[in-house]
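Have a look at the structure below, then the notes.
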C-alpha cells in the first residue's frame, strides 16, 4: 500500500479570545482525519498545543502544533521547498473535481483555512483555491471533507494509544492500557 504525502493545515487569523475552541477542533479533526500537524498564525496559544499533546498521549499519534508569525513568507517557502498549497474557500473550484490532480502530484500539501476574513493574497499565493461548497461553512467541516476525500476515507493508524475503541454495533467497548 502506497503512503500518501503528508498533509498539513495552516490556520490563519487565530484569536485567543474568540477562536480557541474552533482552532482546537480544527486541530483535532485534522489529527483524526490524517493530517500530520497544524501551523497556527495569529495569537500564539500554548493551551491548544497542550491539549493536542495530551490527546496524542492518550489516543496515540504524532500530530504537531506549530505557530507561525509571517504566514505569507511561510507559504512561499513551503511552495519552494515542500510542495503544494491548497486554500479551502467557498469561492474556488469544486474540490472533488481537483483533488485527484493534487494527489497525483505526490507532494506534501499545505491546506490553508481561515477564521476571520482571509486576505486576498491567500487566493493569489495558493496553487489551488478549492470550494468545499459555494455556501458559507465552517473551516472544520471543510478540512474534514478535504482530508476524508484526500485519504479516501481511510482512518489513520495512530501509534501507541493508551485507549483504543473497538467498533461494536451497540454500546461502548474500550481497551485501555497503562504505561
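What the table shows:
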{"item": "Most fluctuating residue given options 133, 84, 23, as computed from a GNM of the chain linking Cα atoms under 10 Å", "result": "133"}
{"item": "Fraction of beta bridges assigned by DSSP in region 7-176 that are antiparallel (%, nearest 5)", "result": "10 percent"}
{"item": "Proxy reagent accessibility, fewest Cβ within 10 Å first, across 58, 89", "result": "58, 89"}
{"item": "Residue order, fewest to most surrounding Cβ atoms within 10 angstrom, among 59, 71", "result": "59, 71"}
{"item": "Among 147, 101, 88: highest mean-square fluctuation, GNM of the chain, C-alpha pairs under 10 Å", "result": "101"}
{"item": "Residues 123, 150, 39, sorted so that the one with the fewest Cβ neighbours within 10 Å comes first", "result": "123, 39, 150"}
{"item": "Residues of region 11-45 with amide N under 17 Å of the 7 Å Cα→Cβ point at residue 165", "result": "25-35"}
{"item": "Global form of region 3-61, assessed from the alpha-carbon gyration tensor, a/c cut-off 1.5", "result": "oblate"}
{"item": "Relative contact order of the chain, pairs being alpha-carbon contacts under 8 Å that are 6 or more residues apart, as %", "result": "28 percent"}
{"item": "Helix-only [θ]222 nm of the chain, DSSP H runs n ≥ 4, -39500 (n - 2.57) each, per residue, nearest 500", "result": "-12000 deg cm²/dmol"}
{"item": "Within a Gaussian network of the chain (alpha carbon springs, distance under 10 Å), most fluctuating of 24, 168, 64", "result": "168"}
{"item": "Computed lengthening from residue 177 to residue 107, 0.36 nm per intervening residue step minus Cα-Cα distance", "result": "21.6 nm"}
{"item": "Reciprocal mean inverse distance between Cα atoms of the chain - Kirkwood radius, Å", "result": "16.9 Å"}
{"item": "Cα gyration tensor shape for region 111-179, rounded if a/c is under 1.5, else prolate or oblate", "result": "prolate"}
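Where a number appears in this text, it was derived from the coordinates with a stated rule and is not lab data. Note that this is a predicted model, so its numbers are computed, not measured. FYI the Cβ positions are ideal-geometry reconstructions off the backbone, even for glycines, and counts take in every protein chain you see.
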